[in-house]
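So the structure is just underneath, and the comments pick up after that.
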């Protein structure tokens, strides 16, 4: 048994969505809107599959909340390392977020925030790229690749929740090749990224030529197999209920990878 998702009401739905996407690499669905009640929501999916639903509707009460009270208090995010906290703290400060806001969002003391911020009284001139700078570069490249992949997918009529999928809508082989090439470029960037299967098994992968090698598996997954699984996901409009639905070798590993890069999404 696991917690499927956590839901919370927010005052500014779009601002809250953008916050989690920008600072915690959440992947958002296209949103839900009940035109009768004007209820709106987004489902945000994080790296390990955890999901947060943020919601808004007219007439919400926003009363003062005492810290020492029963009920919900906070959601904790693990960034994986002190260096990652350094990076996020510095990014928030660079974006103009006030120190008090960073303290509130990260649940850190003033002293802790200052300890995470870079030294600002002088410039460092190093010939080598720091580990932190390299992480920032990789993060941005991965994020841009996922965004580009989503843009390419949206060119296909039916790749949204308001239209039915029809394979014939891919007008030419050129269009399909563009999608498959962007998928492969995205997979190349996510090498060494920590993934987890639906059964909780952690793994990473590497790519050599046209083969994907998973750390938990001796036999590789070929590029043609990956593209078969990808096309199966497209035929299901991206709504794949489990690895077996992909129907290919290595599906238990391809499923969480496709989830992370937005090829697979979940019905609300």
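Checking 168, 185 one by one, the residue that is at pLDDT below 85 and not assigned by TED's automatic domain parsing to the domain that holds residue 24 is 168 and no other. Across the stretch 41-57, what is the total count of residues that are surrounded by fewer than 17 Cβ atoms within 10 Å (Cβ to Cβ) and in contact with a helix residue (DSSP H, G or I) (Cβ under 7 Å, 6 or more places away or on another chain)? Counting residues in the stretch 41-57 that are surrounded by fewer than 17 Cβ atoms within 10 Å (Cβ to Cβ) and in contact with a helix residue (DSSP H, G or I) (Cβ under 7 Å, 6 or more places away or on another chain) gives 1. Taken together, the residues in the stretch 220-268 that are without any contact (Cβ under 8 Å) to a residue 24 or more places away in the chain, buried (at least 21 other Cβ atoms within 10 Å of the Cβ) and in a loop (DSSP other than H, G, I, E, B) amount to 0. Evaluated against (1) under 19 Å from residue 148 (Cβ atoms); (2) at pLDDT below 90; (3) over 19 Å from the mean Cα position of the chain (by Cα), residue 207 falls short on exactly one condition, (2).
Taking the condition surrounded by 14 or more Cβ atoms within 10 Å (Cβ to Cβ) and at pLDDT below 90, does residue 152 pass? When the stated conditions are applied, residue 152 passes them. For residue 200, the stated conditions hold: it is at positive phi and free of Cβ contacts under 8 Å to residues at least 12 places away in the same chain.
The values are calculated or read from the model by the stated rules, or taken from the named source; none is laboratory data. These numbers come from a predicted model, not from an experiment. Neighbour counts are summed over all protein chains in view; Cβ atoms, including those assigned to glycine, are modelled from backbone coordinates with ideal geometry.
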